[in-house]
2 protein chains.
Amino acid sequence: MYYTIETQDKETNARAGILHTERGDIHTPIFMPVGTLGTVKGIHFKELREDVNAEIILGNTYHLYLRPGLEVLEEAGGVHKFNGWDRPMLTDSGGFQVFSLAENRKLTEEGATFRSHIDGSKHLFTPENVMDIQRIIGADIMMAFDECPPGDALYDYAKKSLDLTERWLDRCVKRFDETQPKYGYEQQLFPIVQGCTYKDLRIRSAENIAKLDRAGNAIGGLAVGEPAEVMYEMISVVNEILPKSKPRYLMGVGTPENILEAIALGVDMFDCVMPTRNGRNGMIFTSEGSINIKNKKWEKDFSPLDPDGTSFVDSAYSKAYVRHLIKANEMLGAQICSQHNIAFYLWLVREARTHINNGNFNLWKNEMVKKLGVRL
Amino acid sequence: MYYTIETQDKETNARAGILHTERGDIHTPIFMPVGTLGTVKGIHFKELREDVNAEIILGNTYHLYLRPGLEVLEEAGGVHKFNGWDRPMLTDSGGFQVFSLAENRKLTEEGATFRSHIDGSKHLFTPENVMDIQRIIGADIMMAFDECPPGDALYDYAKKSLDLTERWLDRCVKRFDETQPKYGYEQQLFPIVQGCTYKDLRIRSAENIAKLDRAGNAIGGLAVGEPAEVMYEMISVVNEILPKSKPRYLMGVGTPENILEAIALGVDMFDCVMPTRNGRNGMIFTSEGSINIKNKKWEKDFSPLDPDGTSFVDSAYSKAYVRHLIKANEMLGAQICSQHNIAFYLWLVREARTHINNGNFNLWKNEMVKKLGVRL
């Protein structure tokens, strides 16, 4: 796995690049649809490949570890053989879910014990076994196991949390480097910069991670309640330090505007549940602004869902029909809006890439951000 | 709309035919996927057309009347323009839902008042306005409004119910013949034979309906709890009387075995929620028998969902993966099983048709019925 930069934008820190993997090239900037349980909710893989043109998807270690479980995934020969997705896949480390979803969690130097949100069963995640778990899942890109402090953590907590996360990172790297992929294809480990909204902690974390010289680096713990300006400042500080020659992945972010601004700051990879989660509730993103399809104003609007959309759903269905489906809680409504939104996010990063290559990214970005904020 | 018979089977009453409509030919015997609210749950119309090859779908008047409502459907220019389905569509009359789903229903000579199961609002269905409603929905085939007595109705109730249904049928026919399609394409009305499990009532009903000489005829009020043998007997009695030159539609039936037996008795059209409803719960039908995908035995079965299946889902996904999806309540699981089952039902009636044309239907049918009963 290696990264090549095609174009470095002159006005911003944006860049167009390619992350070369054994499962194919990933053209950055890229958005990774979230496939929590090994499925992007409501969308067939065929559609992800042919209609949406997703180049990489994300899975959640916490969820896959609980269901279907490691025994099934290992016997299948890894997640790709299990679900049939043959392009790259990245798994998070489970840290975020342990700290947001699991019950009775207890943190020690060793790791985190928690109870499953499904059946209450007790489990332990450590930096070492989370590496082993991701080896078994068979993700192409594995993430370090870190503590995820709350967005409003005070400085002392944030510092102690980073201390622990850095000790855990050393253990992750050690275990990762001592072990081999189980299924014959390459896996890489991305470390995660933490430090809440404290500049000095972010700098320290980024400096330590830069030294590790891994195939890519991630920025975590943002978009957890802080103002967008603070998030952008943290990204900016961190990206001064993280090596330019490696892809930078901003975890769990965000709105279309967030993504464009972060691209301008030098971020290359994104994931977010927003397109699918909001889609299931009837919120759709378009190049002219966002639509709440439940609103009465769409009741008799028989025009295509999104005349500028790239997915087949955009011309196959009308706004009025999709509104009816969402109002009546019909599965097809969630399917249509999810597929539209994922296709829109992928279109957005492809457009960003084109404009970086054409040398007019900043102008385009500023115009787009204005439009994206409109509520239609 | 007219019906031509291609082959009359020599050993049974099965026949292969074509119902010619302005929206294309329907090759009988045919299965009609149920699209309650103008959507076959979980399946894009593109898939219904290209993958499943559905030739006609069904909608429910009761549901479409409540949501999206007549104002929206009329302004759209009918259900086909509303949902984009360009092949034929049949709507039931709402009778069944009024008697099974609505609240506070009250039956009078005029019609049935009921409260919506969604918001409790009060409504009145009469033979006349149900014709008007189906004109507005724009179904290619409209059904008569009838009373649906419970499956275990005693003779006196069944007789009184049929009396009312026959008076209502006269009013349906009168209103239908006095009115015109709203959107410029042909609509036809199918009357429905009722009479519970009482032979004399079924005969009387069928004789009256035969005289009406409509474009097609339906058999209702079966598969509501009576033994399969009783159902087959009623079909047999009725089909002696209903004109051979018109398609016969058995409403709401049934299992794959039921469908094959009814084809042998001279039925041409079917609808049933079973493939989609059972699919959502992880039950899948195959040519070797049925599978409850939730069973532990499929947990590590990485073979294709159905090696003999005709849908893309059958080879794209493994049993173990689909089991995982259904167990974890993932939408994609319901989508896959629904699409598989609908494709299987369509395959089954196409195969029946081929065997009727080849002159070996009965032999094939008897072998298939044995296999279909197996629980894998």
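Taking Cα atoms only, the orientation of helix A:228-241 departs from the longest principal axis of chain A by about 50 degrees.
Label-point distances for A:Asn357 to the equivalent site in the other copies, using a point 7 angstrom along Cα→C-beta, read 4.9 nm when ranked shortest first. Dividing the helix sum by the residues of chain B, where each DSSP H run of 4 or more adds -39500 (n - 2.57), gives a mean residue ellipticity at 222 nm of -12500 deg cm²/dmol. For the rotational copy pair B/A, the chain B residue whose Cβ lies nearest the symmetry axis, together with its distance in Å, is B:Met331, 3.
Going 7 Å from the Cα of A:Asn360 toward and past its Cβ, which residues in segment A:1-38 have a backbone nitrogen under 17 Å from where you end up? Residues A:9-12 fall inside that zone. Neighbours of B:Phe99, meaning other residues whose beta-carbon lies under 11 angstrom from its beta-carbon, give a summed charge of -1 when Lys and Arg score +1 and Asp and Glu score -1. In the assembly of identical copies, A:Thr12 has its label point, taken 7 Å from Cα in the direction of the beta carbon, separated from the corresponding points by 6.6 nm (ascending, one decimal). Highest mobility in the GNM of chain A, judged by mean-square fluctuation with C-alpha springs under 10 Å and restricted to A:Asp308, A:Asp140, A:Asp132, is found for A:Asp308. Is there a quick way to get the dipole size of chain B? I mean about its Cα centre, with the Cβ of Lys and Arg at +1 and of Asp and Glu at -1; what is the value in debye to the nearest 20? Once rounded to the nearest 20, the dipole reads 780 debye. Using the 1.4 Å probe convention, the accessible area of segment B:3-154 works out to 34 Å² per residue with neighbouring protein chains retained. Computed over Cα pairs, the Kirkwood radius of segment B:31-272 leads via Stokes-Einstein (1.306 mPa s, 10 °C) to a diffusion coefficient of 88 µm² per second. Using a Gaussian network model of chain A in which every pair of alpha carbons under 10 angstrom is joined by a spring, one finds that among A:Lys159, A:Lys246, A:Lys296 the greatest mean-square fluctuation is at A:Lys296. Counting Cβ atoms of other protein chains within 10 Å of each residue's Cβ and taking the mean over peptide A:326-333 gives 6. For B:Lys371, put the label point 7 Å out on the Cα→Cβ axis and report which residues of segment B:302-342 keep their amide N under 15 Å from it. Those under the cut-off are B:306-310.
Counting only alpha carbon atoms, the long axis of helix A:361-372 and the longest principal axis of chain A meet at about 70°. Taking the convex hull of the Cα atoms, report for segment B:289-376 its projected area averaged over all directions, in nm². With every direction weighted equally, the projected area is 5.7 nm².
Spatially, segment B:160-192 and segment B:76-133 are offset by 14 Å when compared through their Cα centroids. Computed with every protein chain present, the accessible area of A:Leu242 is close to 0 Å² [probe 1.4 Å]. In terms of the Cα gyration tensor, with a ≥ b ≥ c the square roots of its eigenvalues, is segment B:49-100 rounded because a/c is under 1.5, prolate because a/b exceeds b/c, or oblate? Oblate, since a/c reaches 1.5 and b/c is not below a/b. Ranking A:Asp200, B:Asp301 from most to least accessible surface, computed with a 1.4 Å probe over the protein chains only, gives A:Asp200, B:Asp301. Each copy carries A:Ala316; placing its label point 7 Å along the C-beta direction from Cα gives inter-copy distances of 1.0 nm, listed from smallest up. Summing Lys and Arg as +1 and Asp and Glu as -1 over all other residues whose Cβ lies under 15 Å from the Cβ of A:Lys199 gives a net charge of -3. The charge dipole of the protein assembly as shown, taken about the Cα centre with unit charges on the Cβ atoms of Lys, Arg (+1) and Asp, Glu (-1), comes to about 640 debye, rounded to the nearest 20.
By a 1.4 Å probe calculation restricted to protein chains, A:Glu103 has an accessible surface near 90 Å², given to the nearest 10.
A probe of 1.4 angstrom, applied to the heavy atoms of all protein chains, finds B:Tyr155 with accessible area near 80 square angstrom.
Across segment A:246-254, computed HN-Hα scalar couplings (Karplus, 6.51 cos²θ - 1.76 cosθ + 1.60, θ = phi - 60°) run 10, x, 10, 10, 9, 7, x, 10, x Hz from first to last residue, x flagging Gly and Pro. Averaged over the residues of peptide B:308-320, the number of Cβ atoms from other protein chains lying within 10 Å of each residue's Cβ is 2. With a/c under 1.5 counting as rounded, go ahead and sort the protein assembly as shown into rounded, prolate or oblate using the C-alpha gyration tensor (a ≥ b ≥ c being the square roots of the eigenvalues; past the cut-off, prolate if a/b is larger than b/c, else oblate). Verdict is prolate for the protein assembly as shown.
Relative to the longest principal axis of the Cα atoms of chain A, the long axis of helix A:331-358 makes an angle of roughly 80 degrees. Here is the interface size for A with B: some 3500 Å² of accessible area buried, both sides summed, with a 1.4 Å probe. List the residues of segment A:89-127 whose backbone N lies under 19 Å from a point placed 7 Å from the Cα of A:Leu212 along the Cα-to-Cβ direction. Residues A:89-99, A:108-112, A:125-127 fall inside that zone. Among residues other than B:Val237 with Cβ under 14 Å from its Cβ, the summed charge is -2 (Lys and Arg +1, Asp and Glu -1).
The values are calculated or read from the model by the stated rules, or taken from the named source; none is laboratory data. What you are looking at is a predicted structure, and each value in this text was computed from that prediction instead of being measured. So basically every Cβ, Gly included, is an ideal-geometry build from the backbone, and we count neighbours across all protein chains shown. In case anyone asks, the SASA skips ligands and DNA or RNA and just uses the protein heavy atoms, side chains included. Shrake-Rupley method; radii C 1.70, N 1.55, O 1.52, S 1.80 Å.
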